[in-house]
Amino acid sequence: MSSKSLPILPGATLGILGGGQLGRMFTLAARTMGYKVMVLDPDAASPAGQMADVYVQADYTDPAALKKLGDNCAAITTEFENVPAASLIELARHCRVSPGADAVAIAQDRSHEKTWLADNGFATAPFALINSEADLDAALTRIGTPALLKVSRFGYDGKGQTRIGSLDEAHAAFREFDAQPCVLEGFVKLECEVSVVLARDDAGRCELFPIAENRHDNGILDVSIVPARVSDTLAQQAREIARSVAGKLNYVGVMAVEFFITEDGLLINEVAPRPHNSGHYTLDACVTDQFEQQVRVLCGLPLGDARLLSPVVMLNILGDRWNTNGPHWDTLLAHPNIKLHLYGKQTARPGRKMGHCTVLDADLDAALQLAEQMRNAL
(Lines give C-alpha, C1' and ligand atoms only; values in the text may rest on other atoms or scores of the structure.)
Protein backbone atom coordinates (compact mmCIF):
# COMPACT_ATOMS: atom_id res chain seq x y z
CA MET A 1 0.00 0.00 0.00
CA SER A 2 1.51 3.30 -0.99
CA SER A 3 1.35 6.33 1.26
CA LYS A 4 -1.32 7.72 -1.09
CA SER A 5 -3.55 4.64 -0.86
CA LEU A 6 -6.66 4.73 1.25
CA PRO A 7 -6.35 2.92 4.57
CA ILE A 8 -8.24 -0.30 5.23
CA LEU A 9 -10.91 0.59 7.78
CA PRO A 10 -12.90 -1.38 10.40
CA GLY A 11 -15.47 -3.67 8.84
CA ALA A 12 -12.96 -5.14 6.40
CA THR A 13 -11.68 -8.72 6.72
CA LEU A 14 -8.05 -9.31 7.60
CA GLY A 15 -6.29 -12.65 7.13
CA ILE A 16 -3.50 -14.26 9.10
CA LEU A 17 -1.43 -17.32 8.31
CA GLY A 18 -0.73 -19.12 11.58
CA GLY A 19 -3.12 -19.98 14.38
CA GLY A 20 -0.96 -20.04 17.51
CA GLN A 21 -0.90 -17.57 20.38
CA LEU A 22 0.55 -14.74 18.29
CA GLY A 23 -2.25 -15.19 15.77
CA ARG A 24 -4.76 -15.30 18.63
CA MET A 25 -3.56 -11.99 20.05
CA PHE A 26 -3.58 -10.39 16.58
CA THR A 27 -7.13 -11.66 16.08
CA LEU A 28 -8.26 -10.21 19.43
CA ALA A 29 -6.67 -6.85 18.60
CA ALA A 30 -8.21 -6.74 15.13
CA ARG A 31 -11.69 -7.71 16.31
CA THR A 32 -11.51 -5.17 19.15
CA MET A 33 -10.82 -2.54 16.49
CA GLY A 34 -13.85 -3.65 14.44
CA TYR A 35 -12.24 -5.86 11.78
CA LYS A 36 -13.28 -9.37 10.82
CA VAL A 37 -10.52 -11.98 10.85
CA MET A 38 -9.92 -15.11 8.78
CA VAL A 39 -7.30 -17.53 10.15
CA LEU A 40 -5.49 -20.21 8.13
CA ASP A 41 -3.83 -23.00 10.12
CA PRO A 42 -3.65 -26.80 9.81
CA ASP A 43 -4.28 -27.42 13.54
CA ALA A 44 -7.85 -28.36 14.48
CA ALA A 45 -7.29 -26.90 17.96
CA SER A 46 -5.83 -23.58 16.79
CA PRO A 47 -5.82 -20.91 19.57
CA ALA A 48 -6.38 -18.18 16.96
CA GLY A 49 -9.07 -20.20 15.21
CA GLN A 50 -11.12 -20.11 18.42
CA MET A 51 -11.29 -16.32 18.15
CA ALA A 52 -11.63 -15.90 14.38
CA ASP A 53 -14.74 -14.97 12.40
CA VAL A 54 -13.73 -17.59 9.84
CA TYR A 55 -11.31 -20.45 10.50
CA VAL A 56 -9.79 -22.23 7.51
CA GLN A 57 -8.20 -25.47 8.65
CA ALA A 58 -5.74 -26.36 5.89
CA ASP A 59 -2.07 -26.49 5.03
CA TYR A 60 -0.32 -23.19 4.28
CA THR A 61 0.26 -24.33 0.69
CA ASP A 62 -3.32 -25.51 0.02
CA PRO A 63 -4.42 -23.76 -3.22
CA ALA A 64 -8.12 -23.66 -2.33
CA ALA A 65 -7.40 -22.26 1.14
CA LEU A 66 -5.08 -19.59 -0.25
CA LYS A 67 -7.70 -18.64 -2.83
CA LYS A 68 -10.32 -18.31 -0.10
CA LEU A 69 -8.11 -15.93 1.85
CA GLY A 70 -7.11 -13.98 -1.24
CA ASP A 71 -10.71 -13.58 -2.39
CA ASN A 72 -12.10 -12.50 0.99
CA CYS A 73 -9.35 -10.54 2.76
CA ALA A 74 -8.41 -6.91 2.26
CA ALA A 75 -4.94 -7.62 3.69
CA ILE A 76 -3.04 -10.61 5.07
CA THR A 77 -0.23 -11.03 7.59
CA THR A 78 1.65 -13.88 9.27
CA GLU A 79 2.15 -14.95 12.87
CA PHE A 80 5.42 -16.84 12.38
CA GLU A 81 8.31 -16.90 9.96
CA ASN A 82 8.01 -20.47 8.70
CA VAL A 83 5.06 -19.80 6.41
CA PRO A 84 6.22 -20.78 2.91
CA ALA A 85 7.35 -17.70 1.01
CA ALA A 86 5.62 -19.06 -2.11
CA SER A 87 2.27 -18.82 -0.31
CA LEU A 88 2.90 -15.17 0.50
CA ILE A 89 3.83 -14.47 -3.11
CA GLU A 90 0.62 -16.13 -4.29
CA LEU A 91 -1.52 -14.18 -1.81
CA ALA A 92 0.14 -10.91 -2.84
CA ARG A 93 -1.41 -11.38 -6.28
CA HIS A 94 -4.84 -10.89 -4.68
CA CYS A 95 -4.40 -8.41 -1.84
CA ARG A 96 -1.95 -6.58 0.37
CA VAL A 97 0.50 -8.86 2.27
CA SER A 98 2.69 -7.63 5.09
CA PRO A 99 5.46 -8.49 5.81
CA GLY A 100 6.60 -9.29 2.29
CA ALA A 101 7.92 -12.64 1.14
CA ASP A 102 11.49 -11.38 0.61
CA ALA A 103 11.99 -10.35 4.25
CA VAL A 104 10.30 -13.49 5.58
CA ALA A 105 12.47 -15.73 3.36
CA ILE A 106 15.63 -14.23 4.87
CA ALA A 107 14.50 -14.52 8.48
CA GLN A 108 13.07 -18.05 8.24
CA ASP A 109 16.46 -19.59 7.44
CA ARG A 110 19.36 -19.11 9.90
CA SER A 111 21.94 -19.55 7.15
CA HIS A 112 20.36 -16.83 5.01
CA GLU A 113 19.80 -14.58 8.01
CA LYS A 114 23.37 -14.81 9.34
CA THR A 115 24.82 -14.28 5.87
CA TRP A 116 22.51 -11.31 5.20
CA LEU A 117 23.43 -9.70 8.53
CA ALA A 118 27.16 -10.13 7.87
CA ASP A 119 26.88 -8.86 4.28
CA ASN A 120 25.08 -5.75 5.54
CA GLY A 121 27.65 -4.94 8.19
CA PHE A 122 25.76 -6.07 11.30
CA ALA A 123 27.82 -7.70 14.06
CA THR A 124 26.93 -11.27 15.09
CA ALA A 125 28.57 -14.08 17.04
CA PRO A 126 31.15 -15.99 14.95
CA PHE A 127 29.41 -18.49 12.68
CA ALA A 128 29.97 -20.98 9.88
CA LEU A 129 27.51 -22.53 7.43
CA ILE A 130 27.30 -26.32 7.56
CA ASN A 131 25.79 -27.80 4.41
CA SER A 132 27.39 -31.24 4.69
CA GLU A 133 29.26 -33.26 7.29
CA ALA A 134 32.49 -32.50 5.46
CA ASP A 135 32.13 -28.82 6.44
CA LEU A 136 32.38 -29.53 10.17
CA ASP A 137 36.14 -30.03 10.55
CA ALA A 138 37.23 -26.69 9.10
CA ALA A 139 34.29 -24.86 10.69
CA LEU A 140 35.04 -26.14 14.18
CA THR A 141 38.73 -25.32 13.77
CA ARG A 142 37.79 -21.74 12.93
CA ILE A 143 34.92 -21.27 15.43
CA GLY A 144 36.37 -23.29 18.29
CA THR A 145 34.60 -24.96 21.20
CA PRO A 146 32.28 -24.75 22.94
CA ALA A 147 29.89 -23.94 20.10
CA LEU A 148 26.24 -24.37 19.18
CA LEU A 149 25.04 -26.36 16.18
CA LYS A 150 21.62 -25.10 15.03
CA VAL A 151 19.43 -26.35 12.20
CA SER A 152 18.91 -23.62 9.61
CA ARG A 153 15.14 -23.99 9.47
CA PHE A 154 12.29 -24.68 11.91
CA GLY A 155 14.32 -24.40 15.11
CA TYR A 156 12.83 -22.31 17.92
CA ASP A 157 12.68 -22.14 21.74
CA GLY A 158 15.86 -24.17 22.08
CA LYS A 159 14.68 -26.91 19.69
CA GLY A 160 16.90 -27.95 16.80
CA GLN A 161 20.13 -26.93 18.49
CA THR A 162 22.76 -28.58 20.64
CA ARG A 163 25.95 -27.61 22.43
CA ILE A 164 29.16 -28.88 20.85
CA GLY A 165 32.31 -29.59 22.86
CA SER A 166 34.33 -31.65 20.38
CA LEU A 167 34.53 -32.69 16.74
CA ASP A 168 33.01 -36.08 17.54
CA GLU A 169 30.04 -34.36 19.19
CA ALA A 170 29.63 -32.12 16.15
CA HIS A 171 29.48 -35.08 13.77
CA ALA A 172 27.03 -36.94 16.05
CA ALA A 173 24.78 -33.89 16.35
CA PHE A 174 24.76 -33.25 12.60
CA ARG A 175 23.69 -36.85 11.98
CA GLU A 176 21.01 -36.52 14.69
CA PHE A 177 19.67 -33.53 12.76
CA ASP A 178 19.40 -35.81 9.69
CA ALA A 179 22.21 -33.93 7.92
CA GLN A 180 20.01 -30.84 7.46
CA PRO A 181 21.80 -27.58 6.65
CA CYS A 182 22.96 -26.02 9.92
CA VAL A 183 24.77 -23.03 11.35
CA LEU A 184 27.67 -23.49 13.75
CA GLU A 185 27.81 -20.55 16.17
CA GLY A 186 30.63 -19.69 18.51
CA PHE A 187 29.94 -18.92 22.15
CA VAL A 188 30.24 -15.34 23.32
CA LYS A 189 30.60 -14.05 26.88
CA LEU A 190 27.22 -12.51 27.66
CA GLU A 191 26.44 -9.70 30.02
CA CYS A 192 22.73 -9.94 29.20
CA GLU A 193 20.27 -10.35 26.33
CA VAL A 194 17.89 -7.65 25.12
CA SER A 195 15.37 -7.24 22.32
CA VAL A 196 13.82 -4.38 20.40
CA VAL A 197 10.31 -4.71 18.97
CA LEU A 198 9.38 -2.13 16.35
CA ALA A 199 6.76 -1.33 13.75
CA ARG A 200 7.67 0.10 10.36
CA ASP A 201 5.17 1.41 7.80
CA ASP A 202 5.21 1.73 4.01
CA ALA A 203 6.76 5.18 4.17
CA GLY A 204 9.64 3.95 6.34
CA ARG A 205 8.37 5.52 9.55
CA CYS A 206 9.31 3.51 12.64
CA GLU A 207 7.82 3.33 16.10
CA LEU A 208 10.07 1.48 18.55
CA PHE A 209 8.89 -0.08 21.78
CA PRO A 210 11.00 0.18 24.95
CA ILE A 211 13.87 -2.30 25.11
CA ALA A 212 13.25 -5.56 26.97
CA GLU A 213 15.90 -7.35 29.03
CA ASN A 214 15.37 -11.08 28.59
CA ARG A 215 16.25 -14.14 30.62
CA HIS A 216 15.97 -17.62 29.14
CA ASP A 217 15.67 -21.09 30.65
CA ASN A 218 16.56 -24.11 28.47
CA GLY A 219 16.43 -21.90 25.39
CA ILE A 220 12.91 -20.62 26.15
CA LEU A 221 12.18 -17.06 27.23
CA ASP A 222 11.44 -17.01 30.96
CA VAL A 223 11.07 -13.33 31.89
CA SER A 224 11.27 -9.97 30.14
CA ILE A 225 12.15 -6.92 32.23
CA VAL A 226 11.13 -3.49 30.92
CA PRO A 227 12.75 -1.05 30.78
CA ALA A 228 15.95 -3.05 30.31
CA ARG A 229 18.56 -2.32 32.96
CA VAL A 230 21.21 -1.11 30.54
CA SER A 231 22.80 2.27 29.90
CA ASP A 232 20.95 4.87 27.87
CA THR A 233 23.81 4.81 25.34
CA LEU A 234 23.54 1.05 24.84
CA ALA A 235 19.75 1.22 24.65
CA GLN A 236 19.95 3.89 21.97
CA GLN A 237 22.50 1.88 20.00
CA ALA A 238 20.22 -1.17 20.06
CA ARG A 239 17.28 0.91 18.87
CA GLU A 240 19.25 2.43 16.00
CA ILE A 241 20.62 -0.95 14.90
CA ALA A 242 17.10 -2.43 14.93
CA ARG A 243 15.82 0.52 12.92
CA SER A 244 18.66 0.02 10.41
CA VAL A 245 17.91 -3.71 10.06
CA ALA A 246 14.26 -2.94 9.30
CA GLY A 247 15.28 -0.29 6.79
CA LYS A 248 17.74 -2.49 4.91
CA LEU A 249 15.12 -5.26 4.74
CA ASN A 250 12.61 -2.69 3.47
CA TYR A 251 10.42 -4.25 6.11
CA VAL A 252 6.76 -3.35 6.56
CA GLY A 253 5.14 -4.74 9.70
CA VAL A 254 6.06 -5.56 13.28
CA MET A 255 9.43 -7.20 13.90
CA ALA A 256 11.85 -7.97 16.71
CA VAL A 257 15.64 -7.90 16.83
CA GLU A 258 17.32 -9.92 19.58
CA PHE A 259 20.74 -8.84 20.83
CA PHE A 260 23.56 -10.25 22.91
CA ILE A 261 25.27 -7.62 25.05
CA THR A 262 28.94 -8.52 25.43
CA GLU A 263 31.99 -6.76 26.79
CA ASP A 264 32.75 -5.80 23.17
CA GLY A 265 29.30 -4.34 22.51
CA LEU A 266 26.08 -5.42 20.80
CA LEU A 267 25.76 -8.54 18.64
CA ILE A 268 22.57 -9.46 16.78
CA ASN A 269 21.33 -12.91 17.73
CA GLU A 270 18.17 -13.23 15.62
CA VAL A 271 15.61 -11.26 13.64
CA ALA A 272 11.93 -12.24 13.97
CA PRO A 273 9.62 -10.92 11.20
CA ARG A 274 6.54 -10.80 13.46
CA PRO A 275 5.40 -9.77 16.94
CA HIS A 276 7.59 -11.36 19.58
CA ASN A 277 7.27 -13.16 22.90
CA SER A 278 9.43 -10.49 24.53
CA GLY A 279 6.93 -7.86 23.37
CA HIS A 280 3.94 -9.32 25.22
CA TYR A 281 4.46 -6.80 28.01
CA THR A 282 3.12 -4.15 25.60
CA LEU A 283 -0.40 -5.57 25.99
CA ASP A 284 -0.65 -4.08 29.46
CA ALA A 285 2.16 -1.54 29.80
CA CYS A 286 2.17 0.56 26.60
CA VAL A 287 -0.21 3.05 25.00
CA THR A 288 -0.35 0.79 21.93
CA ASP A 289 0.52 -2.92 22.08
CA GLN A 290 2.47 -4.81 19.42
CA PHE A 291 -0.64 -6.55 18.05
CA GLU A 292 -2.65 -3.36 17.57
CA GLN A 293 0.48 -2.01 15.89
CA GLN A 294 0.47 -5.06 13.59
CA VAL A 295 -3.15 -4.27 12.64
CA ARG A 296 -2.31 -0.61 12.07
CA VAL A 297 0.64 -1.33 9.77
CA LEU A 298 -1.28 -3.97 7.85
CA CYS A 299 -4.18 -1.58 7.28
CA GLY A 300 -2.09 1.47 6.38
CA LEU A 301 -3.18 3.38 9.49
CA PRO A 302 -0.90 5.77 11.39
CA LEU A 303 1.39 3.97 13.81
CA GLY A 304 0.28 3.98 17.43
CA ASP A 305 2.15 5.53 20.35
CA ALA A 306 4.57 2.90 21.75
CA ARG A 307 5.26 4.78 24.98
CA LEU A 308 5.72 2.80 28.20
CA LEU A 309 3.12 3.62 30.87
CA SER A 310 4.58 1.57 33.71
CA PRO A 311 7.64 -0.53 34.48
CA VAL A 312 6.69 -4.15 33.88
CA VAL A 313 7.94 -7.73 34.07
CA MET A 314 6.50 -10.43 31.80
CA LEU A 315 6.63 -14.08 32.96
CA ASN A 316 6.04 -16.95 30.54
CA ILE A 317 3.81 -19.75 31.85
CA LEU A 318 4.85 -23.11 30.43
CA GLY A 319 3.13 -26.48 30.38
CA ASP A 320 5.59 -27.73 33.01
CA ARG A 321 3.52 -25.91 35.64
CA TRP A 322 0.30 -27.83 34.94
CA ASN A 323 -1.00 -30.54 37.25
CA THR A 324 -4.37 -32.30 37.35
CA ASN A 325 -6.19 -29.13 38.34
CA GLY A 326 -3.92 -26.69 36.52
CA PRO A 327 -1.65 -24.09 38.12
CA HIS A 328 -2.59 -22.19 41.28
CA TRP A 329 -4.37 -19.34 39.54
CA ASP A 330 -5.89 -18.13 42.82
CA THR A 331 -2.42 -17.28 44.12
CA LEU A 332 -1.57 -15.28 41.03
CA LEU A 333 -4.93 -13.51 40.72
CA ALA A 334 -4.80 -12.41 44.36
CA HIS A 335 -2.43 -9.64 43.23
CA PRO A 336 -4.24 -6.64 41.69
CA ASN A 337 -1.17 -5.55 39.70
CA ILE A 338 -0.84 -8.87 37.82
CA LYS A 339 -2.50 -9.42 34.43
CA LEU A 340 -3.04 -13.01 33.24
CA HIS A 341 -3.16 -14.03 29.55
CA LEU A 342 -3.94 -17.65 28.66
CA TYR A 343 -3.72 -18.91 25.08
CA GLY A 344 -6.54 -21.46 24.90
CA LYS A 345 -4.26 -24.43 24.25
CA GLN A 346 -5.97 -27.69 25.10
CA THR A 347 -2.92 -29.78 25.97
CA ALA A 348 -0.14 -28.79 28.34
CA ARG A 349 3.33 -30.16 27.59
CA PRO A 350 6.73 -29.41 29.14
CA GLY A 351 8.24 -26.38 27.41
CA ARG A 352 4.97 -25.41 25.67
CA LYS A 353 3.92 -21.78 26.11
CA MET A 354 0.46 -21.90 27.63
CA GLY A 355 0.20 -18.26 28.62
CA HIS A 356 1.96 -15.39 30.31
CA CYS A 357 1.39 -12.84 33.01
CA THR A 358 2.61 -9.30 33.44
CA VAL A 359 3.47 -7.64 36.73
CA LEU A 360 3.15 -3.84 36.72
CA ASP A 361 4.73 -1.73 39.42
CA ALA A 362 6.27 1.72 39.65
CA ASP A 363 9.24 -0.07 41.25
CA LEU A 364 10.83 -2.37 38.65
CA ASP A 365 12.69 -4.39 41.28
CA ALA A 366 9.44 -5.02 43.15
CA ALA A 367 7.78 -6.17 39.91
CA LEU A 368 10.65 -8.59 39.24
CA GLN A 369 10.55 -9.96 42.78
CA LEU A 370 6.80 -10.61 42.56
CA ALA A 371 7.14 -12.25 39.13
CA GLU A 372 9.77 -14.61 40.50
CA GLN A 373 7.52 -15.42 43.47
CA MET A 374 4.69 -16.23 41.07
CA ARG A 375 6.91 -18.57 39.05
CA ASN A 376 7.43 -20.65 42.18
CA ALA A 377 3.86 -20.26 43.51
CA LEU A 378 2.22 -21.53 40.30
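The values are calculated or read from the model by the stated rules, or taken from the named source; none is laboratory data. Small disclaimer: the values here were computed from a predicted structure and weren't measured. Positions of Cβ are generated from backbone atoms using ideal geometry, with glycine treated the same way; all protein chains shown enter the neighbour counts.
Observations
- Among the residues making up segment 350-369, those that are in contact (Cβ under 8 Å) with a residue 40 or more places away in the chain and either part of a helix (DSSP H, G or I) or in the same structural domain as GLY23 (by TED's automatic domain parsing) (or both) are LEU364, ALA367, LEU368.
- Of the residues LEU315, LEU301, LEU283, the single one that is closer than 21 Å to PHE26 by Cα, assigned to a loop (DSSP other than H, G, I, E, B) and not acidic (Asp, Glu) is LEU301.
- Qualifying position, being over 26 Å from ILE241 (Cβ atoms) and crowded, with 16+ Cβ neighbours inside 10 Å, among ALA306, ALA256, ALA348, ALA285: ALA348
- Residue, nearest to LEU117 (Cα to Cα), within segment 215-253, restricted to residues that are β-branched (Val, Ile, Thr) and under 17 Å from the mean Cα position of the chain (by Cα): VAL245
- Complete set of residues in segment 121-137 that are within 26 Å of the chain's Cα centre (by Cα), farther than 10 Å from CYS182 by Cα and small (Gly, Ala, Ser): GLY121, ALA123, ALA125
- The one condition in (1) touching a residue at least 24 places away in the same chain (Cβ under 8 Å); (2) out of contact with any His (no Cβ under 7 Å at 6 or more places or on another chain) that GLU240 fails to fulfil: (1)
- Restricting the first member to segment 290-306 and to residues that are among the aromatic types (Phe, Trp, Tyr), and the second to residues that are buried (at least 24 other Cβ atoms within 10 Å of the Cβ) and not in a helix (DSSP H, G or I), the beta-carbon pairs closer than 7 Å and six or more apart or on different chains are PHE291/PRO275.
- Only a single item in (1) in contact (Cβ under 8 Å) with a residue 60 or more places away in the chain; (2) polar (S, T, N, Q); (3) surrounded by 13 or more Cβ atoms within 10 Å (Cβ to Cβ); (4) not assigned by TED's automatic domain parsing to the domain that holds CYS286 is not met by GLN180, and it is number (1).
- Just one of the numbered conditions (1) assigned by TED's automatic domain parsing to the domain that holds TYR281; (2) of a type outside the set (A, V, I, L, M); (3) free of Cβ contacts under 8 Å to residues at least 24 places away in the same chain is not true of ARG142: (1).
- Which numbered condition THR288 misses (of (1) farther than 27 Å from ARG200 by Cα; (2) assigned to a loop (DSSP other than H, G, I, E, B)): (1)
- Condition met for GLY15 (in a strand (DSSP E or B), within 19 Å of THR61 (Cα to Cα) and among the small types (Gly, Ala, Ser)): yes
- The residue that is farthest from MET374 (Cα to Cα), counting only those in segment 316-327 that are more than 17 Å from the chain's Cα centre (by Cα) and at pLDDT 90 or above, is GLY319.
- In summary, ARG163 fulfils each of the numbered conditions (1) in a strand (DSSP E or B); (2) farther than 16 Å from ALA128 by Cα with the single exception of condition (2).
- Yes/no for SER166 being within 21 Å of the chain's Cα centre (by Cα) and either at pLDDT below 95 or under 29 Å from VAL295 (Cβ atoms) (or both): no
- Residue in segment 329-340 that is part of a helix (DSSP H, G or I), surrounded by 20 or more Cβ atoms within 10 Å (Cβ to Cβ), acidic (Asp, Glu) and at negative phi present: no
- Where strands (runs of 3 or more DSSP E) fall entirely within segment 19-132, those with at least 2 residues that are under 28 Å from PHE260 (Cα atoms) and in contact with a helix residue (DSSP H, G or I) (Cβ under 9 Å, 6 or more places away or on another chain) are at 127-130.
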